[in-house]
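The values are calculated or read from the model by the stated rules, or taken from the named source; none is laboratory data. Since the model is a prediction, treat every value here as computed from it, not as a measurement. No Cβ is skipped: glycine too gets one built from the backbone with ideal geometry, and neighbour counts run over all protein chains shown. These accessible areas exclude ligands, DNA and RNA; they are computed on the full protein's heavy atoms, side chains included. Shrake-Rupley method; radii C 1.70, N 1.55, O 1.52, S 1.80 Å.
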Amino acid sequence: MESNTNISVVNPELKFDKVSLVEPSGNHFLLLAAEVDRSALPFFLFTSSKKKELLTYSKSACRELELIDGVESAVVFKASLIPPGKGKLLEERPNVHIAKYDVVVLIETESESIAENIKSHKLYSDLENKISEAASNTLYLSASNVKKINSVDHNRQGVFLFNFFYADNVQQNIGIWEYTAGWFQQETGLDNSTVLLPENPGKSDYKIINHCRWDSFSYILPSLIFKKTFKTYVLDNFYENNVAAIPILYKLA
């Protein structure tokens with residue numbers, strides 16, 4: 001992992017506190033993301049028969065995966081919209097893939113060894129093959145939990161964020177996230193988040209992936225659209241630290 005931890009905080013006079021954190025989970029995660037129905041709009045309004053079939057298959061596979069010892073949860077998400085917040089650094093990096101994953105499966109296991117065993121299980125390999133057949137672009141990764149506000153509740157419907165972070169340096173990405181996440185705690189009432197660190201972030205466009213939940217769109221969208229400090233504090237701090245967010249909002253499938 002890169003060792004550079006130089007963080008430059010811009011507009012500190014806005015006085016947003018750093019995020020309040022708890023001890024990260026020792027659990028390990030498998031993330032499978034797929035672009036099935038591409039849209040030029042920020043909304044995912046159309047669900048093709050191909051995606052409906054994939055969602056049905058994925059939910060069935062996840063129910064079976066959850067029966068395996070050491071698997072704490074296996075959840076399927078369907079994208080709703082791409083909110084404001086895509087980092088302007090991406091305008092300077094045209095080769096970076098802009099994530100538009102409209103289907104995500106997140107599997108949480110008790111340890112890295114269990115996650116590795118799941119990856120060799122037929123249920124998992126069949127699911128991966130099914131996703132690859134349906135998607136034009138995929139992302140498969142193993143990850144640990146590097147930062148945590150609190151656990152994300154997957155037992156009830158809500159609005160779920162997967163924020164795919166592009167950055168030059170993973171430690172700088174994590175460091176500035178702690179400042180900007182404080183804005184989300186204060187301005188949107190965010191009380192949960194699991195930050196996923198890919199096991200080999202140096203080989204991925206996405207250094208970290210932040211996953212969290214709100215009860216409804218009304219908790220998050222007005223703040224992103226109408227609060228000026230979202231740009232002057234959150235987005236400007238990302239850019240100053242060579243970080244760009246690629247956020248997507250989901251519902252439980």
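Please check: in the Gaussian network model of the chain (C-alpha springs, under 10 Å), which one of ALA99, ALA40, ALA79 has the largest mean-square fluctuation.
Of the options given, ALA40 has the highest mean-square fluctuation.
Rounded to the nearest Å, what's the spacing between the alpha carbon centres of region 153-198 and region 79-133? Just the number, please.
16 Å
Rounded to the nearest 10 Å², what accessible area does HIS97 show when all protein chains are kept and the probe is 1.4 Å?
60 Å²
Starting at the first residue of region 20-33, write each ³J(HN,Hα) from the Karplus equation 6.51 cos²θ - 1.76 cosθ + 1.60 with θ = phi - 60°, in whole Hz, x for Gly and Pro.
8, 10, 10, 5, x, 6, x, 6, 10, 10, 10, 10, 10, 10
Rounded to two decimals, what is the ratio between the C-alpha radius of gyration of region 206-253 and 2.2 N^0.38 Å?
Working: Rg = 12.4 Å, N = 48, 2.2 N^0.38 = 9.6 Å.
Working it through for region 206-253, the quotient is 1.29.
With +1 on each Lys and Arg Cβ and -1 on each Asp and Glu Cβ, and nothing else charged, work out how big the dipole of region 1-70 is about its Cα centre, in Debye to the nearest 20.
On the way: 8 positive and 10 negative charges, 78 e Å.
Dipole magnitude for region 1-70 comes out near 380 debye.
Where Rh denotes the Kirkwood radius from the mean inverse Cα pair distance, what is Rg over Rh for region 141-253?
Details: Rg = 13.5 Å, Rh = 14.3 Å.
Dividing the radius of gyration by the Kirkwood radius yields 0.94.
What percent do you get for the relative contact order of the chain when only Cα pairs under 8 Å and 6+ apart count? Walk me through the numbers before you get to the answer.
Working: 516 pairs, mean separation 85.0, N = 253.
Over the chain, the number comes to 34 percent.
Give me the percent of accessible area attributable to carbon and sulfur for the chain, probe 1.4 angstrom. Walk me through the intermediate numbers first.
Details: 5470 of 11410 Å².
It is 48 percent, rounded to a whole number.
Enter the accessible area of HIS154 (Å², nearest 10), with the probe set to 1.4 Å and all protein chains included.
Roughly 40 Å² of HIS154 is accessible to a 1.4 Å probe.
As a test question: what accessible area, to the nearest 10 Å², does ARG63 have when a 1.4 Å probe is rolled over all protein chains in place?
That residue has around 150 Å² of solvent-accessible surface.
Do you know the relative contact order of region 184-253, to the nearest whole percent, from alpha carbon pairs under 8 angstrom that are 6+ apart? It would help to have the intermediate numbers written out before the result.
Values: 38 pairs, mean separation 15.7, N = 70.
Relative contact order comes out at 22 percent.
Extending each Cα 7 Å along its Cβ direction at ASP69 and LEU90, get the distance between those two points in nm, one decimal.
4.3 nm
Using modelled amide H (1.01 Å from N, peptide plane; none on Pro or chain starts), what sits under 5 Å from the amide H of ILE208, excluding residues fewer than 5 places away?
Counting only residues 5 or more places away or on other chains, the set is PHE165.
How many Å² of accessible area per residue for region 22-171, probe 1.4 Å? Provide the component values of the computation, followed by the final result.
Values: 6920 Å² over 150 residues.
Accessible area per residue, region 22-171: 46 Å².
Counting Lys +1, Arg +1, Asp -1, Glu -1, what net charge surrounds GLU199 among other residues with beta carbon under 14 Å of its beta carbon? Walk me through the numbers before you get to the answer.
Details: positive: LYS119, LYS203, LYS207; negative: GLU112, GLU116.
Counting the neighbours of GLU199, the net charge comes to +1.
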